[in-house]
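As structure tokens, the structure follows; a few thoughts come after it.
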Amino acid sequence: MSVNQHLDALRDYMRRFNVDAVIIPGTDPHQSEYVSDYYKFREWLTGFTGSNGTAVVTVDDAALWTDSRYFLQAAEQLDGTGFSLMREGDYGDLSRTEWLAERLGEDDVIAIDGRLFTVNEVNRLDHYCGEHGFMLATDFVPADRIWTDRPPFPKASAYVHELKYAGEDIDSKVTALVGVIEQLGATGVLLTALDDIAWLYNLRGDDVLYTPVVTAYAFVSSSERSLFIDPGKVTTEVKEHLRASGVHIREYDDIVRYLERKRDGEYVLLDPDRVSDTLAQALPCGKVYSPSPVAALKAVKNDVQIEGFRSAHLRDAAALVKLLGWLERSVPAGGVTEVAVAEKIASLRAGSGDLYREESFGAIVGYGEHGAIVHYEVTPETDVELRPEGLLLIDTGGQYLDGTTDVTRTVTLGTPSPEQRRDYTLVLKGHLALQAAVFPMGTTGMQLDVLARMPLWQSGLNYGHGTGHGVGQFLCCHEGPQSIRTNFNPTPLRAGMVTSNEPGLYLAGEYGIRIENLMLCVKSDLPGDFLAFEPLTLVPYDRRLIDSSMLTAAEVDRINAYHALVAERLLPLLSGDDASWLQRATAAIG
């Protein structure tokens, strides 16, 4: 069936139940960024494959909202589907609520699947409907009825994340978690985020592409440790691992019935931005609404995890240096395409050792104007051959048992123009400023974001995405609670957190530039309670794109010091042409 036929099928189903509008997010009941194929209903309905996007359908109209990372991609994929693209942010497009208000009348019904919407999202929708005279239904589940060729529910087995990588056992983590929830006035906590559960119980899985998690729920109190999971996913090893720490295994589909049996006098902590409205409504007992304590606990890596991150990034950097040297040698000969580059990255990582498992997200390989599409996804239809000219943006990462990587480099394939060198250097100046930041404890990412943007702002330029996101250890590549962006986030940066540093610049129809390192927050050498960043990523910048006349002496020193570190750490892992390439790429600049 085509996307148009999918839309017709949904509207027929809406008419059966007198539904006037339906809102369809791209997530799953666990609010995951990446979801298993079983939950890709929005993608099936619209044809849009980006990780962020929400569709809204009425009986006469349809639209999809997404952020600036996906504007160009969404415009291409939605063309001719019956869905209009609506840009989130300050772009003049209507918000979802404004769009609905223009199309609905009093007593019209807006329907959602309450399993896919958080407590806070439903509260906001309910308030909106009350203000406009609409009715809200939270039990509309079209995917279960009209998606006739729906992929199966994920069946891959869970596996144990060994203590030599995790660095902390289940008992220690649960004890810390219970201590936090009791301070918040709760007797138990419901966990629905898959990475929270994987971290707490030292489990991993293959249910979601790019993210080694297993589909499950968890409930924890001072007297109970439960895991709700499909029994077919539990191996003998996993069963023994969990029972050794007193974790009771329950059926995944029993979660609602279990919550309905909670008694008066119990107070269950729920994260209103992660727990679904359906699960919250099932609880008859007291509720304590608070951000998940697990997010803050797992954001601060222990010593074993930190060493794992360093080791994983070293192996990852060696693979990427081999890729960059291969590009320089191969592109002039012809025949190298964006797809070929993505395949080469995967091959080099796979050859880096037994600890590599998969990519941490789909590789972004954008040549020329494709680099201006922030989250460009190369397909056989969009694939182009690289020529010995122009810029190539490569954003890629790997999942290793001991760490997760995420790195972006923009390189020239020929002689860069003065404009390209200027733009690259402006982005690099912001990247260097953030990486060199020293700041007091209690500082938030929002307070540091300006460092990365200022060189661009002073030239009347900007970028629409955040500057930095947290990164999990063999978990989600995008992890909270910390971030570095213009939006307010009260979470302070703490020693042990791993965060990205990725300013960029995107000229539609021309090229994109982004430079990204992962950084470990560490205690500064300064006296007092000051923090700094240690670069984990060890991949050279493209010296050919650097306009040194735009740099201060301090910036030149930072580049040279970083390149000296890269050479020192990586040269023992390389040989032949790869070692020669790295020596040239890390030579000092004046």
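To the nearest 10 square angstrom, what accessible area does K40 show with a 1.4 Å probe?
60
How large a share of the accessible area of region 36-145, in percent, is made up of carbon and sulfur atoms when the probe is 1.4 Å and the other protein chains stay in place? Please report the intermediate quantities before stating the final value.
Details: 2020 of 4880 Å².
Carbon and sulfur together cover 41 percent of it.
Using helices alone, what [θ] at 222 nm do you get for the chain, with -39,500 (n - 2.57) per DSSP H run of 4 or more residues, divided over all residues and rounded to the nearest 500?
So the helix-based figure for the chain works out to -10500 deg cm²/dmol.
Can you give me the % of accessible surface on region 236-371 that is carbon or sulfur? Probe 1.4 Å, all protein chains present, nothing else counted.
Its accessible area is 47 percent carbon and sulfur atoms.
For E162 and S290, what does the FRET efficiency come to when R0 = 35 Å and r is the distance between their Cβ atoms, rounded to the nearest 0.05?
So, using R0 = 35 Å, E works out to roughly 0.65.
Give me the one-decimal nm value for the distance between modelled label points at F488 and D354, 7 Å along each residue's Cα-to-Cβ direction.
5.1
Placing +1 at every Lys and Arg Cβ and -1 at every Asp and Glu Cβ, with all other atoms neutral, what dipole size does region 350-463 have around its Cα centre, in debye to the nearest 20?
Once rounded to the nearest 20, the dipole reads 660 debye.
Just reorder Y252, Y91 by solvent-accessible area, largest first, 1.4 Å probe, all chains present.
Highest to lowest solvent-accessible surface, that is Y91, Y252.
Compute the accessible area per residue over the chain, keeping the other protein chains in place, probe 1.4 Å, unit Å².
40
If ligands, DNA and RNA are left out, what is the accessible area of D107 with a 1.4 Å probe, given in Å² to the nearest 10?
About 90 Å², rounded to the nearest 10.
What are the ³J(HN,Hα) values, in whole Hz, obtained from phi via the Karplus relation 6.51 cos²θ - 1.76 cosθ + 1.60 with θ = phi - 60°, for each residue of region 32-40 in sequence order, with x given for Gly and Pro?
7, 6, 9, 10, 5, 4, 4, 9, 8
For K429, list the lysines whose Cα falls under 27 Å from its own Cα; do not include residues on the same chain fewer than 8 positions away.
K322, K523
Provide D273, D449 ordered by accessible surface of protein heavy atoms (probe 1.4 Å), highest first.
These residues rank, largest area first, as D273, D449.
Straight-line reach from K262: which aspartates and glutamates fall under 20 Å, measuring Cα to Cα and dropping same-chain residues less than 8 apart?
Of all the aspartates and glutamates, those that pass the test against K262 - Cα under 20 Å, at least 8 places apart if same chain - are E182, E224, E251, D253, D254, D271, D277.
Probe radius 1.4 Å, ligands and nucleic acids left out: which of R16, R257 has the largest accessible area, and how do the rest follow?
Ranked from most to least accessible, the order is R16, R257.
Using a 1.4 Å probe, how large is the accessible area of T97, given in Å² and rounded to the nearest 10?
Probe radius 1.4 Å; accessible area of T97 about 60 Å².
Can you list which of the chymotrypsin sites (Phe, Trp or Tyr not before Pro) found in region 497-564 are DSSP loop residues with at most 12 other C-beta atoms within 10 Å?
none
Can you pull the one-decimal nm distance between simple spin-label points at A333 and A587, each 7 Å off the Cα toward Cβ?
In this crude spin-label approximation the distance works out to 2.4 nm.
What part of the accessible area of region 382-508, given as a whole %, is carbon or sulfur when the probe is 1.4 angstrom? Before the final figure, lay out the partial values.
Values: 2220 of 4020 Å².
Carbon and sulfur together cover 55 percent of it.
Classify region 140-236: rounded, prolate or oblate, from the alpha-carbon gyration tensor (a ≥ b ≥ c, eigenvalue square roots; a/c under 1.5 rounded; otherwise prolate if a/b is larger than b/c)?
Cα axes put region 140-236 in the oblate bin.
If I model a spin label as a point 7 Å beyond the Cα along the Cα-Cβ vector, how far apart are those points for K523 and V438 in nm?
Computed distance between label sites K523 and V438 equals 1.6 nm.
What FRET efficiency do you get for F153 and N560 if R0 is 45 Å and r is their Cβ-Cβ distance, rounded to the nearest 0.05?
Working: r = 53 Å, r/R0 = 1.18.
Taking R0 as 45 Å, the efficiency between F153 and N560 is 0.25.
The values are calculated or read from the model by the stated rules, or taken from the named source; none is laboratory data. Note that the structure is a prediction, hence the values are computed from the model and not measured. Cβ coordinates were reconstructed from backbone atoms using ideal geometry, including for glycine residues, and neighbour counts include every protein chain displayed. Only protein heavy atoms, including side chains, enter the accessible area calculation; ligands, DNA and RNA are left aside. Shrake-Rupley method; radii C 1.70, N 1.55, O 1.52, S 1.80 Å.
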